[in-house]
Amino acid sequence: MSSLYEKIGGEGAVNAAVDIFYRKVLKDDRIKHFFDGVDMAKQAAKQKAFLTVAFGGPNKYSGEDMRKGHAHLVKNGLNDSHFDAVMEHLGATLKELNVPADLIGQAAAVAESTRNDVLGK
Amino acid sequence: MLDCLTAHGVSIPSSCHAGICQTCLMQAISGNIPATAQPGLKNTLVAQNYFLACSFHPQEDVQIRLPMTGLGKLSATVAEIDFLNTQIVRLKLALNTKFNYKAGQFINLFKDNATSRAYSLASVPGIDDQLQFHIRKLPDGLVSHWVHHDLKVGDNVDISDASGDCFYVPDMPDQKLLLIATGTGLAPLYGIVRDALFQGHSGTIKLYHGSNSPDLVYLSEELKSLALQFDHFNYTPCISGKTVPQGFAAGRAQEVAFKENQDLSGWRVFLCGHPKMVSTGKKLAFLAGASTGNIYADPFVLVPRSASKTISA
Ligand code: HEM
């Protein structure tokens, strides 16, 4: 049985998705300010990390890492509405790449499972 | 590699441990680096033997280091100093030894052991025998003041090795290139444009250079004649101030450039100069369709008198 990550298309899918996803995020007035001031190239690598996590791909991030990694954003007001916006862009990106709906649902569920850690609840 | 370093008490920055986040970036000084240790790295990093420690399983001896700039030091001789305009001089240095660099990289120029500033290389290996720099005199600039007033032809000066990731790699000769510079950010781009042409780049090359006023524009005649010589090279000097003479575009270089080129999908983009121009330019280029891997930048950060690590224009 292959994993969600493999079914979506592995590293190739992450590479195809990252620019589409990040362009959506940077154009979104609700959340783009969280991404100011971080170097674009470094940020793109982190977006790849994000997508790899969401696709259930190989990563060593723990819930604690997610908590620490977003703590400075929570301090600046990161909340459920911003999380929802990111979820929206994740779904739209995968749709644009013609990923089947059931796989999009699974990826969304993985991302959703990090909500409390990302938001520091 | 990462596990081995950590196990031996050498701690380097790392995060994802899966070849994605690029936090554990290192550079090989000798030895072979397999492509599997360079997942997702930009072509300019691959060209300099960078790799990710977490993804590298060495099969043979290698010498490695953390990414650092300006390690070695070597002596050069001042071959020429001339004024490009009232504020900018062109400094040419001659070296006795072979010097490895790419047009657009930078070196540290040492005034003395304690004081150095980074300057971009405007010269091109294969075209120019001497190293070339464009140095603007800054009100408080220790090193630029020294270059403008004290340095003479025949003087010996120390410089560091070349480093930096903003240069031309001839892997896609028909790609379109957009280059935007403000002030002496033209130096690296003047090098990169000539390097690309020299290496036979066949895709369109568009250079926009911005200045506040006409008297701060430099190398304009030379770039115009280069544009006449090469049909696919296009040069637009831009003036952001009030008086805009004939032959110049009105507005900031990046405004003009992004207005004239709205769809940048598939383009390679170079941005050098004012840090604010560079950071907004990166974002605008990306939103206009350029992929992050195709955006190369070199922000010129002015340094306070005490510090000396960042680049000064
Ligand atoms: C949906 C669940 C999310 C997951 C799985 C996730 C995952 C990640 C990962 C793996 C990183 C890279 C950490 C590193 O290696 O340094 C990261 C960084 C980041 N994330 Fe998220 N993230 C999520 C939601 C969000 C949201 C909702 C926002 C803001 C709207 C956000 C903004 C950021 C920013 C700005 C960074 C870079 C932090 C920095 O370097 O300063 N993330 N995220």
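The values are calculated or read from the model by the stated rules, or taken from the named source; none is laboratory data. Quick caveat, the model's predicted, so the values are computed rather than measured. Methodologically, a virtual Cβ is constructed for each residue, glycine included, from the backbone with ideal geometry; neighbour enumeration extends over all protein chains shown.
A compact table of results
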read-out	value
Scan of the stretch A:18-54 for residues that are of a type in the set (A, V, I, L, M) and touching a Lys or Arg at 6+ places or on another chain (Cβ under 9 Å), ordered by number	A:Val18, A:Val25, A:Leu26, A:Val38, A:Met40, A:Ala41
Output for the stretch B:83-119, where each listed residue is surrounded by 16 or more Cβ atoms within 10 Å (Cβ to Cβ), of a type in the set (Ser, Thr, Tyr) and out of contact with any helix residue (DSSP H, G or I) (no Cβ under 8 Å at 6 or more places or on another chain)	B:Tyr101
Members of the stretch A:86-105 that are buried (at least 18 other Cβ atoms within 10 Å of the Cβ) and in contact (Cβ under 8 Å) with a residue 40 or more places away in the chain	A:Val86, A:His89, A:Leu90, A:Thr93, A:Leu94, A:Val99
Hits in the stretch A:62-82 (condition: within 7 Å of the ligand (Cβ to nearest atom) and away from every other protein chain (no Cβ under 14 Å))	A:His72, A:Leu73, A:Leu78, A:His82
Matching residues in the stretch A:16-27 - criterion: being in contact with a Leu (Cβ under 9 Å, 6 or more places away or on another chain), under 14 Å from B:Gly293 (Cβ atoms) and at the interface with chain B (Cβ under 9 Å from one of its Cβ atoms)	A:Val18, A:Arg23
Of the criteria (1) without any contact (Cβ under 8 Å) to a residue 24 or more places away in the chain; (2) surrounded by 16 or more Cβ atoms within 10 Å (Cβ to Cβ); (3) within 15 Å of the ligand (Cβ to nearest atom), which one B:Pro13 fails	(2)
Flag if B:Lys152 is under 29 Å from B:Pro214 (Cα atoms) and assigned to a loop (DSSP other than H, G, I, E, B)	yes
Filter result for A:Tyr5 (of a type in the set (Ser, Thr, Tyr), over 25 Å from B:Leu271 (Cβ atoms) and more than 10 Å from the ligand (Cβ to nearest atom))	yes
Inter-residue pairs, beta-carbon under 8 Å, first more than 9 Å from chain B (Cβ to nearest Cβ) and in the stretch A:28-51, second in a loop (DSSP other than H, G, I, E, B) and within 8 Å of the ligand (Cβ to nearest atom), 6+ apart	A:Phe34/A:Leu78
Hey, B:Ile20 farther than 23 Å from A:Asp19 by Cβ and either β-branched (Val, Ile, Thr) or touching an Asp or Glu at 6+ places or on another chain (Cβ under 7 Å) (or both) or not	no
From the options B:Gly273, B:Gly241, residue that is touching a Phe, Trp or Tyr at 6+ places or on another chain (Cβ under 8 Å) and modelled with pLDDT under 95	B:Gly273
Conditions (1) under 23 Å from B:Gly293 (Cβ atoms); (2) out of contact with any Ser or Thr (no Cβ under 9 Å at 6 or more places or on another chain); (3) near the ligand (Cβ under 9 Å from one of its atoms): number failed by A:Lys46	(2)
Candidates A:Gly56, A:Gly9 - the one that is surrounded by fewer than 18 Cβ atoms within 10 Å (Cβ to Cβ), farther than 25 Å from B:Ala297 by Cβ and more than 9 Å from chain B (Cβ to nearest Cβ)	A:Gly9
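Yes/no matrix, rows are residues, columns are (1) surrounded by fewer than 19 Cβ atoms within 10 Å (Cβ to Cβ); (2) farther than 30 Å from B:Glu221 by Cα:
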{"residue": "B:Cys24", "(1), (2)": "no, yes"}
{"residue": "B:Asn32", "(1), (2)": "yes, yes"}
{"residue": "B:Tyr50", "(1), (2)": "no, yes"}
{"residue": "B:Ala53", "(1), (2)": "no, yes"}
{"residue": "B:Gly72", "(1), (2)": "yes, yes"}
{"residue": "B:Ile81", "(1), (2)": "yes, no"}
